[in-house]
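Quick notes on the structure that follows.
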Amino acid sequence: MMATNGKDACGVKEEAHSAAVNGDGAEASPQSKRPQRFTFSSEPSIEDIRRMQADFTDERDWNQFHQPRNLLLAMVGEVGEVAELFQWKGEVAEGLPDWTETEREQLAHELSDVLIYLVELAEKCRVDLPQAVLRKMALNRLKYPASKVQGSAKKYTEYKD
Ligand SMILES: Nc1ccn([C@H]2C[C@H](O)[C@@H](COP(=O)(O)OP(=O)(O)OP(=O)(O)O)O2)c(=O)n1
């Protein structure tokens, strides 16, 4: 399905957070002057995606092929297909303003393939991905306190304290 109706290629809309936040006419803070943040639809959840892919493989008797290593290789292959879309384009601005709708839809497909295999790989490795993401983000916040690393992209090992 091609993207239409003012939505982007992934079928997800832009939301006007800052308009809602600053609707009282008060002067906007520097943070709210950022471009509007792109947001995803709330569905499907990661568990929904896991279940849909499990149904897809069950219906085809493909579980016999979907062992962890095969899924990992399939995922890496799809990452390569994402990379191919960016290949030789040089730096690409956020929002991909110069990309055609066809290129955007191809990207949406390839990113979806990566996610589908990632979710199934996590399932087959018994990693509860949504909860694991919460734990990992908590660790990331500890490793990179905002007050310490503000505006710097250095790796945590490069900080001397
Ligand atoms: N054994 C397979 C084959 C496919 N798929 C599903 C998961 C992916 O979302 C998608 C991958 O399909 P293809 O291998 O045909 O890859 P592409 O869709 O990227 O096609 P192409 O390589 O022609 O771009 O289909 C799967 O679960 N198990």
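The values are calculated or read from the model by the stated rules, or taken from the named source; none is laboratory data. Here the structure is a predicted model, which means the values were calculated and not measured. Please note: Cβ atoms are built from the backbone with ideal geometry, for glycine as well, and neighbour counts cover all protein chains shown.
Give region 74-103 a look and list any residue that's more than 11 Å from the ligand (Cβ to nearest atom) and within 17 Å of CYS125 (Cα to Cα), or say none.
Across region 74-103, the qualifying residue is only VAL76.
Search region 55-73 for residues being near the ligand (Cβ under 10 Å from one of its atoms) and assigned to a helix (DSSP H, G or I), and hand back the single one that is surrounded by the fewest Cβ atoms within 10 Å (Cβ to Cβ).
The extreme case among them is ARG60.
List every residue pair whose Cβ atoms sit under 9 Å apart, with the two residues 6 or more apart in sequence or on different chains, where the first one lies in region 115-127 and is in contact (Cβ under 8 Å) with a residue 60 or more places away in the chain and closer than 22 Å to GLY80 by Cα and the second, anywhere, is within 10 Å of the ligand (Cβ to nearest atom) and outside any helix (DSSP H, G or I).
Pairs that qualify, where the first residue is in contact (Cβ under 8 Å) with a residue 60 or more places away in the chain and closer than 22 Å to GLY80 by Cα and the partner is within 10 Å of the ligand (Cβ to nearest atom) and outside any helix (DSSP H, G or I), are GLU120/HIS66.
Taking the criterion of being more than 12 Å from the ligand (Cβ to nearest atom), modelled with pLDDT of 95 or more and over 22 Å from MET52 (Cα atoms), would at least one residue in region 123-134 satisfy it?
Yes: one or more hits.
Six or more apart or on different chains, Cβ under 8 Å: which pairs go from a residue in region 92-108 that's farther than 19 Å from PHE40 by Cβ to one that's part of a helix (DSSP H, G or I) and of a type in the set (Phe, Trp, Tyr)? Could you list them?
VAL92/PHE86
Name the single residue that is farthest from the chain's Cα centre (by Cα) among those in region 129-155 being hydroxyl-bearing (Ser, Thr, Tyr) and more than 29 Å from ILE46 (Cα to Cα).
Only one residue tops the list, namely SER147.
Go through ASP113, ASP161, ASP128 for me and flag whichever is at positive phi and of a type outside the set (Gly, Ala, Ser).
Testing whether each residue is at positive phi and of a type outside the set (Gly, Ala, Ser) leaves just ASP161.
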